[in-house]
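Working notes, structure below.
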Amino acid sequence: MADENHPDKPTEFSQSRNSDPAKYLHGIGIAKMSIPDIYQDSSVLAANAIYELIDRDKLLPAEIARIDIATETGVDESKPVAAYVHGMLEQKFGKGSFKRTSGVEYKFACVSTADALESSLDWAWAGRSNGRCSIVCSTDIAKYPLNTPGESTQGAGAVALLIKENPRLLAFDNVIGTYMEDEDDFWRPLFSTTAVVHGKHSEKCYLKAMEGAVDNWAEQAISSGLVSPGPGESLIDQFGPMSFHVPYPKMAEKGFAYLLRHFWRGLSRWDEIVKKIGIEPKPAGFKKRGEFEKAESDYMRQFMETSRFQAEYNDKVAEGLIHARESGNSYSASEKSCLSMLLETKARKDADLVGKRGGSGNYGSGSKAKASSWIIQEEWKTVAKGFGHLEKLHHRRPVSLAEYEALHEGRPLPEARRFVSEPENEFVLIDVTAEGYRHYKFAD
Ligand code: HMG
């Protein structure tokens, strides 16, 4: 979409969309989007992520009590991705090897990962795990119609999370904040493979719900004594690394800025900000809604340029967003993919984070946000260094505009090729029958 080394140089994509690559890089924060090959659907992405996790952690099927899937781009109206994944894993581990492992599909736009995780945590906190672990896998393919504003925020990916007692990476706090409203910001009707979106409205819904969920987390965390900000302190000071749902990196950056404005008001550091950029615009000060929105957007930009904001953002959030800058929106998988990149980057820089509290903010259109927190564990660096994020991002190949549009529209590839890239050591979709049943295999 854009070349980081030559930000102003038009690309095949930007030219075809009559757009400026600098808009992708600086306005939205995206350089590349991931798109799946012919043989990849959301079940395949999930099975490959889960297989890698099981293999790397040397887990036995009998040790895994549940494999739950969070997705909004599942492959069937009735049969969950979890069942197809089960079948794929049994091809590798033996027929019946997962018969005592449960699985279900969770749907609530991008926030379903937080719901699936909450359910797994509740199950473990209720003492029902009996020494077994669970896996939550988020998998999605984000798709908007060609030539629409949403197109530049597409992406795809899956992330598998291992949930167990005595974790080596992060231990979740038993406090989860929620904010939910019925909204028409983004949806995908049953008849459509692409989402419908009210883009500008969706950005407002994201900010409002994220703030509401963090407020709800704060009420519970303060009343239970989990955190207690002292005089002159902000709630956000209690956190080290933070990650948010990333439909595109600029949105997560704005979400963080919105939270800082919310939690810094009334503190002496906010007086410094006001001295620099003036007071915040209020709707009552404007005759027209559009004028207020323009002033609010300008104020946000100025706040995000302050050195105070930049220092907090670079310390807590920025390093994780590289994942989304390089691959786009992966809906339910985006926050945890960015979180794992954040932790891996910090581990490689030898950051001292043991015992620090971090936070996750998830948003799903429709709409709901969830806020959760976790404590970084002793062995976090060893685990995080093993994620191999950059290798995975590099293990993709660029496609031409013609290849991209053919994949997007489900049309034959140029030169009647069967796929863009030869599969290697991964699960693949081999066919979909006339009745809509899917067959998968492991391609060695
Ligand atoms: P758009 O019309 O393509 O973009 O829509 P724009 O013209 O508003 O430009 C975007 C930004 O780039 C603006 O900055 C421009 O000023 C700037 P802002 O005012 O926002 O700060 N810009 C430039 N900067 C530098 N150089 C340039 C230049 N040109 C412009 N040359 C939009 C953008 C994100 C709305 C669109 O892509 C879209 O609709 N995307 C899909 C919806 C979406 O991602 N919404 C986010 C919140 S909802 C959510 O997160 C849930 C979701 O993940 C789904 C789920 O839950 O399942 C989507």
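The values are calculated or read from the model by the stated rules, or taken from the named source; none is laboratory data. Keep in mind that what you see is a predicted model, and the values were worked out from it rather than measured. Please note: Cβ atoms are built from the backbone with ideal geometry, for glycine as well, and neighbour counts cover all protein chains shown. We work out accessible area using only protein heavy atoms, side chains counted, and drop any ligands, DNA or RNA first. Shrake-Rupley method; radii C 1.70, N 1.55, O 1.52, S 1.80 Å.
Annotations for the structure displayed:
- Two-decimal Rg/Rh across the chain, once Rg and the Kirkwood Rh are taken from alpha-carbon atoms: 0.96
- Measuring between their Cα centroids, region 353-396 and region 139-213 lie 16 Å from each other.
- ³J(HN,Hα), Karplus 6.51/-1.76/1.60, whole Hz, each residue of region 297-302, x for Gly, Pro: 5, 5, 5, 4, 4, 5
- Cα-derived Rg over Rh, computed across region 1-56 with Rh taken as Kirkwood radius: 1.20
- Ordered by solvent-accessible area of protein heavy atoms (1.4 Å probe), largest first, the residues 43, 268 come out as 268, 43.
- ³J(HN,Hα), Karplus 6.51/-1.76/1.60, whole Hz, each residue of region 69-78, x for Gly, Pro: 10, 9, 7, 10, 10, x, 9, 8, 6, 10
- Convex hull volume of the Cα atoms of region 310-444, normalised per residue: 188 Å³.
- log10 of Debye I(q)/I(0), alpha-carbon scatterers only, for region 1-120 at 0.10 Å⁻¹: -0.47
- Within the shell defined by Cβ-Cβ distances under 11 Å, the residues around residue 156 carry a net charge of -1, with Lys and Arg each +1 and Asp and Glu each -1.
- Residue range of the chain that is longest and free of GluC sites (Glu not before Pro) which are both DSSP loop and sparsely packed (at most 16 other C-beta within 10 Å): 234-377
- Options 102, 373, 197, ranked by Cα towards positive dipole end of region 32-405, top entry (Cβ charges): 373
- Amide proton proximity set for residue 183, modelled H, under 5 Å, gap of 5+: 366, 367
- Exposure ranking of 304, 180 by accessible area [1.4 Å probe, largest first]: 180, 304
- Sequence-distant residues sharing a close amide H with residue 175 (under 5 Å, placed H): 373
- Exposed chymotrypsin sites (Phe, Trp or Tyr not before Pro) absent - longest run of the chain, DSSP non-H/G/I/E/B, at most 14 other C-beta within 10 Å: 192-418
- The translational diffusion coefficient of region 92-236, from Stokes-Einstein at 37 °C and 0.692 mPa s with a Kirkwood hydrodynamic radius over alpha carbon pairs, comes to 177 µm²/s.
- Gyration tensor (alpha-carbon) shape descriptor, region 161-222, a/c threshold 1.5: oblate
- Between residue 222 and residue 22, residue separation times 0.36 nm minus the direct Cα-Cα distance comes to 67.7 nm.
- Structure-based [θ]222 nm, the chain - -39500 (n - 2.57) summed over DSSP H runs of at least 4, per residue, nearest 500: -11500 deg cm²/dmol
- For region 80-101 versus region 283-320, the gap between their alpha-carbon centres in whole angstrom: 48 Å
- Phi to ³J(HN,Hα) by Karplus 6.51 cos²θ - 1.76 cosθ + 1.60 over region 150-162, Hz, x for Gly, Pro: x, 3, 6, 10, 7, x, 7, x, 9, 9, 10, 10, 9
- Accessible area, probe 1.4 Å, largest first, for residues 370, 392: 392, 370
- Using the 1.4 Å probe convention, the accessible area of the chain works out to 47 Å² per residue with neighbouring protein chains retained.
- Sequence-distant residues sharing a close amide H with residue 103 (under 5 Å, placed H): 67
- Partner lysines for residue 294 [C-alpha distance under 20 Å; skip if fewer than 8 residues away on the same chain]: 23, 200, 204, 208, 250, 254, 276, 282
- Top of 327, 367, 19 by mean-square fluctuation, Gaussian network on the chain, Cα under 10 Å: 19
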